[in-house]
Amino acid sequence: MEQFVIEGNRNLSGTVNISGAKNAILPVMAACLLAPGKSVLRNVPILNDLKAMAHLLRVIGARIDYGKGSMSIDSKDVCYSEAPYELVSKMRASIYVLGPLLARLGEARVSFPGGCAIGTRPVDLHLKAMEALGAEITIEHGYINAKAKQLVGADIYFEKSSVGATINAMMAAVLAKGQTRMFNAAMEPEVDSTIDLLNKMGAKISGKASTTLTIDGVEELFPVEMTMIPDRIEAGTFLIAGALSTSPITVANCEPGHLGLLIDKLREAGCILDVGESSITITPPTKIKPVNLITLPYPGFPTDLQAQFSVLMTLAEGISYIEDTIFPDRFMHVAELNRLQANIRMDRNVSTIKGVEELSGAEVMATDLRASAALVLAGMVAKGTTTVSRIYHIDRGYDHIENKLNALGANITRMDL
Ligand code: EPZ
C-alpha cells in the first residue's frame, strides 16, 4: 500500500495549475447516458473516482476513451440497467446513473450505497424525487429497483439542499413528459455545469444559480463537447497551502467566483489575496489569526474544505470554532491532527481548535479524501517527518497532489510499501 513521506517545509513559492472538477465531471459522465452517441469532455484529470465511474459506464454498455486531458463517452449501445454492489460500494457517486438510466431505459437497478467515513449519507431525497416523477421504487436485497414507462413532470420540494439529489432528479426530468419544477434545489457550481451540459444537449432547464429550477421535458438529447470547470476544492486546498507557507504562491486556472467565502475567511486569517480573472495570488500572514466558520450549502463555506481549513487554524494565534452542518461526523482528521500535536477538542459537530506554535511530524492515517489532503498540508508544515498512510483516498480526487506541491517547494515522496 502506498504512503506519503513528508519532510516539513513551509517555504512554498511559484504557481500551481488547477485541474478540472471531479464533482462536476462525475454527474456529467452519467448525463452522457441520456444522449445516444459520442460526447467529449475536456479538462478531465486522471483521478480514481473518474476511473471508477468510467468502469461503471462500461458495465452499462457505454464506450469510454481517453485523450490528452479529455474523455469521450459513447452511449449509443447502452442497454444494461444495473449498477452492481462492487462498483457502487467503491464510489457513492455511482448513484448518479439512477436518473439517466430510468429516463433512457425506463428502469434502473442500483445497489444501495452504504455509509462511508464521513457519515451515513442517505439517498432518500434522490428516491423521493424519482417517485415524484412517477417512478415506482422498491428496495430489495440491497438494491434500489426503479421503473417508469414514461416519467412525468412534477413539482419537487427538497427537504434539504442536496447536490446529488438535485442533479439526479434533473437528469431524470429532462426527458420527462411536461414540466418539472424543483424547489430548494442545490446551487453548487457543479449543479450549474450539469445544467450547462444538459442544455447544450438540447434540454430546457431554466433557473440556473437559483434554488428554483424549471425543466420542460424534451423528446431526445444529442451528444456534445464540453470543457469542464476548474476544481474549486483543489483550488481551495492549494490556497490553504499558500496560507500555511512563508512566501506567496499563485493558484492559476481557477474560478475565483466559486471561492468567495474561502477568500473572505483567508483574509480574516490575515492573508493577502490578489484576485485575478482566473488566478489568485495568496501572501501568507506572519501570524495567523483565528477564524470561526460553519459549513453550509453553496455559496456557504464548503464542507469539502473544512478539514484543510482546520489545519490552518491549528497554527493560529488563539482559539477558533469550526462547525460542520452538512456532514456532522466529518471530523476523522481531528485525532490524526492531534497526533501531530495540534490541540483540537470535539463537541458533537463543532471542533474547538487552540492554536499551537508548531506541529510535530508523526505517522498518521488518511480516512477519506479531504481528510487526507488535510494531513498532507499538516505534514508539510510540521517539524520533522510525517508519514501519511492509506493515500489511495487522495488519488480519488487530486491529480498528483504530491507533484504539484513538490513543484512549489514541498518535499513529499510517494513510497510503495
Ligand atoms: C456532494 O455529495 C459531493 N460529492 C461531496 O463531495 C460534498 O461533500 C457534498 O456534495 C456536499 O457539498 C459529489 O459531488 C460526488 P449532498 P452529495 O447530497 O451529493 C443529506 C468530496 O470530498 N442528504 O449535497 O452526496 C446528506 O446526508 C465529496 O469530493 C440526505 O439527507 O451530498 C448531507 O447532510 C464528499 N438525503 C446533505 O444532504 C439524501 O438523499 C448534503 O449532501 C441526500 C443527501
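What ratio of Cα Rg to 2.2 N^0.38 Å holds for the stretch 3-109?
This ratio for the stretch 3-109 stands at 1.27.
Charges only on Cβ, +1 for Lys and Arg, -1 for Asp and Glu: so what's the dipole of the chain about the Cα centre, in debye to the nearest 20? Please list the in-between numbers first.
Details: 39 positive and 45 negative charges, 23 e Å.
It works out to roughly 120 debye.
Go through the stretch 222-293 and name the trypsin sites (Lys or Arg not before Pro) that are in a DSSP coil and have 15 or fewer other Cβ atoms within 10 Å of their Cβ.
Numbers: sites: Arg232, Lys265, Arg267, Lys287; in loops: Lys287.
Sparse-neighbourhood loop trypsin sites (Lys or Arg not before Pro): Lys287.
What dipole magnitude, in Debye to the nearest 20, does the stretch 22-227 give about its Cα centre under +1 on Lys/Arg Cβ and -1 on Asp/Glu Cβ?
On the way: 22 positive and 21 negative charges, 69 e Å.
For the stretch 22-227, the charge dipole is close to 320 debye.
What translational diffusion coefficient, to the nearest whole µm²/s, does the stretch 91-140 have by Stokes-Einstein, given a Kirkwood radius computed over alpha-carbon pairs, a temperature of 37 °C and 0.692 mPa s viscosity?
282 µm²/s
Could you sort 405-414, 389-398 so that the peptide with the highest average Cβ count within 10 Å comes first and the rest follow in order?
Highest-to-lowest ranking by the protection proxy: 389-398, 405-414.
Out of every Cα pair in the stretch 74-181, what percent are spaced more than 25 Å from each other?
15 percent
On each of the three principal axes of the Cα atoms of the stretch 146-275, give max minus min coordinate, whole Å, ordered largest first.
61, 34, 24
Using a Cα-Cα cut-off of under 16 Å, which lysines could be cross-linked to Lys160, ignoring same-chain neighbours fewer than 8 residues away?
Lys128
Once the whole set of protein chains is in place, how much accessible area is left on Cys32, using a 1.4 Å probe, in Å² to the nearest 10?
Its heavy atoms expose roughly 0 Å² to the probe.
Out of all DSSP beta bridges in the stretch 22-227, what portion is antiparallel? Express it as a percent rounded to 5.
75 percent
How are the C-alpha pair distances of the stretch 22-227 spread across 10 Å bins, as whole percents from the shortest bin up?
Taking every Cα pair in the stretch 22-227, the percentages come to 9, 40, 40, 11, 0.
Can you give the translational diffusion coefficient of the chain in µm²/s, computed by Stokes-Einstein from the Kirkwood radius over Cα pairs at 4 °C and 1.567 mPa s?
Taking Rh from Cα pairs, D becomes 59 µm²/s.
For Ile401, what is the net charge nearby, where nearby means another residue's Cβ is under 9 Å from its Cβ and Lys, Arg count +1, Asp, Glu -1?
Numbers: positive: Lys404; negative: Glu234, Asp395, Asp399, Glu402.
For residues surrounding Ile401, the net value is -3.
Answer with one residue from Pro100, Gly114, Asn9: the one whose Cα lies farthest towards the positive end of the charge dipole of the chain, charges on Cβ with Lys, Arg +1 and Asp, Glu -1.
Positive-end residue among those listed: Pro100.
Report Lys354's accessible area, 1.4 Å probe, all protein chains in place, as a number in Å² to the nearest 10.
110 Å²
Is the shape of the stretch 310-393 best called rounded, prolate or oblate, per the rule: a/c under 1.5 gives rounded, else a/b larger than b/c gives prolate, else oblate, with a ≥ b ≥ c the square roots of the Cα gyration tensor eigenvalues? Walk me through the numbers on the way to the answer.
Details: a/c = 2.18, a/b = 1.12, b/c = 1.95.
The shape class here is oblate.
Which one, Ser389, Gly61, Ile282, projects farthest toward the positive side of the charge dipole computed for the chain from Cβ point charges (K/R +1, D/E -1)?
The Cα lying farthest towards the positive end belongs to Gly61.
The values are calculated or read from the model by the stated rules, or taken from the named source; none is laboratory data. Note that the structure is a prediction, hence the values are computed from the model and not measured. Cβ coordinates were reconstructed from backbone atoms using ideal geometry, including for glycine residues, and neighbour counts include every protein chain displayed. SASA here: full protein model, heavy atoms, side chains in, ligands and nucleic acids out. Shrake-Rupley method; radii C 1.70, N 1.55, O 1.52, S 1.80 Å.
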